[in-house]
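Participant: Here it is, the structure, as structure tokens.
The values are calculated or read from the model by the stated rules, or taken from the named source; none is laboratory data. Nothing here was measured: the structure is a model prediction, and the numbers come from that model. Every residue, glycine as well, gets a Cβ built from its backbone with ideal geometry; the counts of neighbours run over all protein chains shown.
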Amino acid sequence: MGELRGVAATALGVARIRAAESTRRDRLFDDPYAAAFVAAAPPPPAAATRADDTEVPATHREAFYRGLFRHIVLRTRFFDDYLTAAAGEHALRQVVVLAAGLDSRAYRLPWPDGVRLYEVDLPEVLAFKERVLAERGARPRCACTAVVADLRTDWTAPLRAAGFAPDEPTAWLVEGLLVYLSAAEAARLLTTLGEQSAPGSRLAFPGSGDFRNSPMMDGGRALPSMREVSALWKGGLDEPADDWLGRHGWRPRTYARETVAASYGRALGGRAGKAGGGADGRGAFVVAVRGDRETPAS
């Protein structure tokens, strides 16, 4: 396997956090494949590590990493629940995960019969994931199709060629992508997604308010170990997600991260996280429903 560079390499960071959470007795989810992804990946050459972060005050760097860990953990569990409800309570049988990275939900969530899940990402990410899962003898719990596409170009053609039906309601997940897109790129991607969404489709992604000026972005850019990744951050939508979605045919609902954390019995850390530039500042998760159906975005 070649090196996973740039945005693709960030998938390994997320896998590390999911692997660590899976070892906790009070874990919010169990990802049995995350540790395998981490173990199978070679270290990037000459990469900065946390040992290089000593130029940043200890309270700030520790707050950032604690906040990032909590955010990824909450994000993972929230979107696990979102997809489980979409396929169960809302009976959607078509699921698309954009920029799927090393996501293993096709292999670990309890999918109902008939679910078809499409994972869209770059070829090196999907090839690496397929190899590691095959070595573990992993089998998906639903029909799972890998779709090679660059989301900055036309990704709908390969998705449709793989069997995706745009006239069927879809559960979309855009978990860790928008921050790597400019406002124009994010709007274009979500517009294209909307054009492929039949009434009753659902969409979920993290909404972080004005991420461009957030403590999380500032904190990440200050840490040498994060600079390769933070250099790629563009911020995503430059307006509240509710406003954008409402103008483009979606009925959104936001879930404050503090409320989500409390519902899972996890504290966010309060003032220390904010002062240290962590991920505990303002933020929410967004779920939206497409079309005229009266089902609430829950």
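Participant: So which residues in the range 165-175 are in contact with a helix residue (DSSP H, G or I) (Cβ under 8 Å, 6 or more places away or on another chain) and surrounded by 20 or more Cβ atoms within 10 Å (Cβ to Cβ), if there are any at all? Steps first, answer last, please.
Facilitator: Within the range 165-175, the first condition is being in contact with a helix residue (DSSP H, G or I) (Cβ under 8 Å, 6 or more places away or on another chain), and the residues that meet it are 166, 171-175.
Matches in the range 165-175: A171, W172, L173, V174, E175.
Participant: Go through (1) over 30 Å from T259 (Cα atoms); (2) of a type in the set (A, V, I, L, M, F, W, C); (3) modelled with pLDDT of 95 or more for L151 and report which single condition fails.
Facilitator: Evaluating L151 over (1) over 30 Å from T259 (Cα atoms); (2) of a type in the set (A, V, I, L, M, F, W, C); (3) modelled with pLDDT of 95 or more leaves (3) as the failure.
Participant: Right, another one. Kindly establish whether A157 is among the small types (G, A, S) and part of a helix (DSSP H, G or I).
Facilitator: Numbers: among the small types (G, A, S): yes; part of a helix (DSSP H, G or I): yes.
In short, yes.
Participant: May I pose another question? Taking the condition of being of a type in the set (S, T, N, Q), touching a strand residue (DSSP E or B) at 6+ places or on another chain (Cβ under 8 Å) and in a helix (DSSP H, G or I), how many residues in the range 73-114 meet it? Even if it seems obvious, please write down each step before you answer.
Facilitator: Here is the first cut: in the range 73-114, the ones of a type in the set (S, T, N, Q) are 76, 84, 94, 104.
From what's left, touching a strand residue (DSSP E or B) at 6+ places or on another chain (Cβ under 8 Å): 94.
Filter again for in a helix (DSSP H, G or I), leaving none.
Counting residues in the range 73-114 that are of a type in the set (S, T, N, Q), touching a strand residue (DSSP E or B) at 6+ places or on another chain (Cβ under 8 Å) and in a helix (DSSP H, G or I) gives 0.
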